[in-house]
Amino acid sequence: MAFEILFHRYKNKVKGFVHKMLPPHISSDKIVQEVFIKIWIKRSKIDIQKNFSSYLFTISKNLVLDAIKTAVHKKLVYTETYILEEVIPDHESFETSEKEMFSRLQKVLQKLPQRRRQIFSLSRFEGLTYKQIASKLNITENTVDTQIRKSLQFLRQEFSNIL
């Protein structure tokens with residue numbers, strides 16, 4: 001009964017807190033649920049003399065950070081494969097492993113001019129939109145688009161030479 005009271009008292013506060021910290025593509029409901037599951041599991045270890053809100057929001061913050069790390073890792077794995085497929089559509093037909101291909105990709109990316117490489121990385125590895133990149137680098141969206149196109153053209157050319 002005490003847990004139910006805590007849940008109803010804090011669920012909206014935790015959800016608001018979690019929602020503010022998460023990127024829009026990650027659901028806050030799942031994390032809120034995990035927060036209260038952790039509270040339930042650790043209920044016997046909770047020190048009633050200490051501030052419960054602090055404990056609750058520390059758990060919330062840690063779960064949000066874990067979710068973001070997981071999302072970033074998944075995005076990087078997806079992005080590596082996507083870039084390989086975008087640059088070399090039939091890369092699976094080669095005997096080279098994806099790790100080797102990604103290593104080659106990194107070496108080829110180093111040949112790009114620094115600013116172009118930065119724009120490409122912000123787009124493909126960090127998942128920023130053209131608008132976000134333009135704002136961050138104080139350039140136009142058209143410049144971002146042009147630099148991405150030139151990067152992809154260069155990568156296709158370099159990979160056709162390698163393979």
Debye log10 I(q)/I(0) for segment 2-72, one point scatterer per Cα, at q = 0.11, 0.21 Å⁻¹: -0.25, -0.86
Derived scalar couplings ³J(HN,Hα) [segment 142-149; Karplus, 6.51 cos²θ - 1.76 cosθ + 1.60; whole Hz; x for Gly, Pro]: 5, 5, 4, 4, 4, 5, 5, 4
29 Å Cα-Cα threshold exceeded, pairs from 13/42; 15/42; 30/50; 20/107: 20/107
At R0 = 45 Å, FRET efficiency that the Cβ-Cβ distance of residue 137 and residue 62 yields, to 0.05: 0.90
Inter-centroid distance (Cα atoms) of segment 110-157 relative to segment 1-58, Å: 39 Å
Hz values of 3J(HN,Hα) by residue in segment 48-54 - Karplus curve (6.51, -1.76, 1.60), Gly and Pro given as x: 6, 7, 9, 5, 5, 4, 4
Extension gain (nm, one decimal) between residue 51 and residue 19, 0.36 nm per residue minus Cα-Cα: 9.3 nm
Extension gain, residue 4 back to residue 125 (0.36 nm per residue minus Cα-Cα distance, nm): 39.3 nm
From phi via Karplus (6.51, -1.76, 1.60), per-residue ³J(HN,Hα) for segment 103-119 in Hz, x at Gly/Pro: 4, 5, 4, 4, 5, 5, 4, 5, 7, 5, x, 3, 5, 5, 4, 4, 4
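Bear in mind these aren't lab numbers, they're just calculated from the coordinates by the rules spelled out. Everything numeric here is computed off the predicted structure, so don't read it as measured data. Because the Cβ atoms are built from the backbone with ideal geometry, glycine has one as well, and the counts that use them run over all protein chains shown.
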